[in-house]
Structures are given as C-alpha cells and as structure tokens.
1. Between Gln38 and Ser98, what's the calculated FRET efficiency when r is the beta-carbon distance and R0 is 25 Å? Round to 0.05.
2. At what distance in nm do the modelled label points of Ile10 and Glu86 sit from each other, each positioned 7 Å from its Cα along Cα→Cβ?
3. With a cap of 12 neighbouring Cβ atoms within 10 Å, and only residues DSSP puts in a loop, list the trypsin sites (Lys or Arg not before Pro) found in segment 1-62.
4. With 10 angstrom as the radius, rank Tyr75, Tyr48, Tyr61 by how many other C-beta atoms surround their C-beta, starting from the fewest.
5. I'm spelling it out carefully: the read-out is Rg and Dmax of the Cα atoms in Å, the candidates are (1) 14.0, 46; (2) 19.1, 59; (3) 14.5, 52, and one was derived from this structure. Which label?
6. Checking understanding here: applying a Kyte-Doolittle mean of at least 0.5 and a length along the axis of at least 15 Å (C-alpha), which whole DSSP H helices in the chain pass?
7. What is the order of Leu93, Leu13, fewest Cβ neighbours within 10 Å to most?
8. Where does each of Arg95, Arg89 land when they are ranked from fewest to most other beta-carbon atoms within 10 angstrom?
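None of the figures in this text is laboratory data; all of them are computed from the coordinates on show. The shown structure was predicted, so the numbers you read here are calculated from the model rather than taken from an experiment. Backbone-built Cβ (ideal geometry, glycine too); neighbour counts: all protein chains shown.
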Amino acid sequence: MAILDNDKDILPLSSIAELLSAKVRTLKMYEEKGLLPQKRAEGAKKLYSINDVKLVAFVHYLASVKKINANGIKYIMEMLDDAMDEPSRNAFLNRVESTMDMISGKDIKDVEEM
C-alpha cells in the first residue's frame with residue numbers, strides 16, 4: 001500500500017474549484033491578489049497539493065462566507081504562517097475544514113452570485 005504525499009503538487013485550480021463548488025474565476029482572483037500558495041507553473045498549469053487545497057478552501061470560506069476582504073485574509077494567513085507551528089496550523093485547518101463541511105456548496109455558491 002502506497003502512502004499518499006499530501007505535499008505533492010497534482011491538482012490544477014479547475015479541479016479545486018470543482019471540489020469547492022466554486023468558480024475557477026473566483027479562485028484565479030484569489031491567486032491574483034496573492035491569497036493562494038505561490039506556485040510556479042510547470043508546463044501549462046499551476047498545480048496544487050492536497051495541503052494547498054485546505055488553504056484554498058479556508059481562503060474561499062473567509063472571502064465568500066465571512067466576507068473578509070483581501071487585506072484581512074492576507075493578515076490572517078500571515079498569522080497562520082508566523083504565529084503557529086506546523087502541527088498547530090494543521091490542527092487548526094482540520095478544525096476549520098470540519099466546520100466548513102457543515103456548510104453546503106450551494107450556500108457558498110449562492111453567496112458568490114450575489
């Protein structure tokens with residue numbers, strides 16, 4: 001049995017958009033504002049890891065549900081990077097992920113269309 005490498009970049013932004021029931025354009029806007037993990041394009045598309053998906057989902061949640069602007073999200077992300085060690089950050093993101101699971105994709109999509 002192979003162990004999954006959650007840090008390996010394998011998912012394009014379009015797949016992440018589908019997983020989050022979000023629009024690709026919305027995620028590209030987050031990318032343009034510097035809210036997503038910085039990736040170099042290898043070939044035609046930038047690829048993201050499973051761990052990156054958690055961060056993208058958190059950014060999307062903050063922007064679409066909590067209505068936090070880009071500067072606020074950047075500040076929150078800096079706090080996650082600077083003030084938390086890796087295990088604490090992962091535990092926090094797992095807790096956020098379980099909270100976000102309670103919100104349906106339809107709820108977020110309705111917020112995006114407003």
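1. 0.40
2. For Ile10 paired with Glu86, the spin-label model returns 1.9 nm.
3. Lys8, Arg40
4. Tyr75, Tyr61, Tyr48
5. Matching the structure shown: (1).
6. 50-64
7. Arranged by neighbour count, lowest to highest, Leu93, Leu13 become Leu93, Leu13.
8. Neighbour counts put them in this order, fewest first: Arg95, Arg89.
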